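Have a look at the structure below before the remarks.
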Amino acid sequence: QTLVVWTVSAFLVPFNFFSTVVPYVWDLALARAGWFEALSRAAMMDAEPLRNPANILISVVIPAFHEADSVLRVIRHASTHMQTQLRTEFIVAVVDDETAQRLEESELPITVVRCSSGRSSALNAGAALARGEVLLFVHADCLLPRFWDLEVRTAACREGVVIGAFRFGIDCEGRPPPPGLSAMARFATLRSQALQLPYGDQAIFVRKDRFHGVGGFGDMPLMEDFDFVRRLRRAGMHASFKTGREHRVHILPLTALCSVRRWERKGVSTVSVTNQAMLLLQ
């Protein structure tokens, strides 16, 4: 199995290059040439940074489909790992009735919104109800690190931060990781930092006015996170060349842990090949 994983990984190297590095260089060249001005205006790159981190309300948006147990675990974990219990709200966008009913009956302070199928529509539905100045999009199997709220508030007030995310990690639940998964996690960290391209399983955060300014997540069945981050990365590139001040996707030093079960169920090779195929179609 290990040999198969490494063989597939080696086969995917050129595809990784064309799906991540080439678009980054292409976007950089277009931004230098003056493209993406309208996108930069829509993203309000010239807006003043948020002030006073302690007063910022964070809206945590979680999409869910038959994942009541996972969502409750994620919210309990996030609640016990906050610096302060104040100035945070949890919004769960639910597709199925069973999950909605269980969440509404729980003791946790959760706002439940029912939505149509599809993760992008769920994320947009949750964001539409958010009261916070900052939106934090968390997958239903993602565990946030200790003092995550402090890190998000501080980054949101930092000049030049267009959008942000945590480092990528795997929650193996005490089991050894499947072959190749640790290497994939290291590549995800490198991709996020060097190419400013985090994925949704890294818990993306962004100012609410900026989110709505660029139209939120696109209506697509997969890779809505890639499309959204790339749009804001382009806006930041344009602003950097125009103003001479850096505007970038910010990766926090803390790690969000994504459940290992998806890779155990589908296999590291299958997930990697699927992701690369979706990227090449963007």
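Since every read-out is calculated from the coordinates, none of them should be taken as a lab result. Just so it is clear, the model here is predicted, and its values are computed rather than measured. Here the Cβ is made from the backbone with ideal geometry for all residues, glycine too, and neighbour counts use every protein chain on show.
Model label sites at residue 86 and residue 193, defined 7 Å from Cα along the beta-carbon direction, differ in position by 3.5 nm. Note on residue 96 and residue 26: the extension gain reaches 21.2 nm, defined as 0.36 nm multiplied by sequence separation minus the Cα-Cα distance. Of the beta bridges in the chain, as assigned by DSSP with both residues counted there, near 20 percent are antiparallel.
Amide H contacts for residue 170 (H built 1.01 Å from N in the peptide plane; partners 5 or more residues away or on another chain; cut-off under 5 Å): 258.
In terms of its C-alpha gyration tensor, the chain comes out oblate, because a/c is 1.5 or above while a/b does not outweigh b/c.
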